[in-house]
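A quick write-up on the structure given underneath.
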């Protein structure tokens, strides 16, 4: 089962569908050989991938990972795209989701730190 957290396309309107599916649109034109094309980038949450954390559909790349590289480490969109095997639109979509959900990102960051502490404690106990 796939739960869609956000769908980001290239038009310029926003709407909420049936209370669960957030459809947010951004202006993200891509030029390929002088041809404009629109892309749809989906941020999804699936329980069997990344423990249900938001990620880019079709990848195991989490929104938190992308957002931290762009916002905290100050990597450029293209640097993140190159390093993670993404395109610029995917990085922009993940960064936008990261920016729009600060409480969720704080929770995910806290969970990540708790896991690190637990692993460190376990390895020291052995």
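Throughout, read-outs are computed from the coordinates displayed, never taken from laboratory work. Quantities reported herein were computed from a predicted structural model and do not represent experimental measurements. All Cβ positions, even for glycine, are placed from backbone atoms using ideal geometry, and neighbour counts span all protein chains on display.
Per-structure values
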read-out	value
Index of the failed condition, residue 60 passing every other in (1) more than 14 Å from residue 41 (Cβ to Cβ); (2) in a loop (DSSP other than H, G, I, E, B); (3) out of contact with any strand residue (DSSP E or B) (no Cβ under 8 Å at 6 or more places or on another chain)	(3)
Whichever residue in the stretch 85-107 is more than 12 Å from the chain's Cα centre (by Cα) and without any contact (Cβ under 8 Å) to a residue 40 or more places away in the chain and, among such residues, is nearest to residue 52 (Cα to Cα)	107
Criterion (touching a strand residue (DSSP E or B) at 6+ places or on another chain (Cβ under 8 Å), within 23 Å of residue 41 (Cα to Cα) and in a helix (DSSP H, G or I)) met by exactly one of 81, 89	89
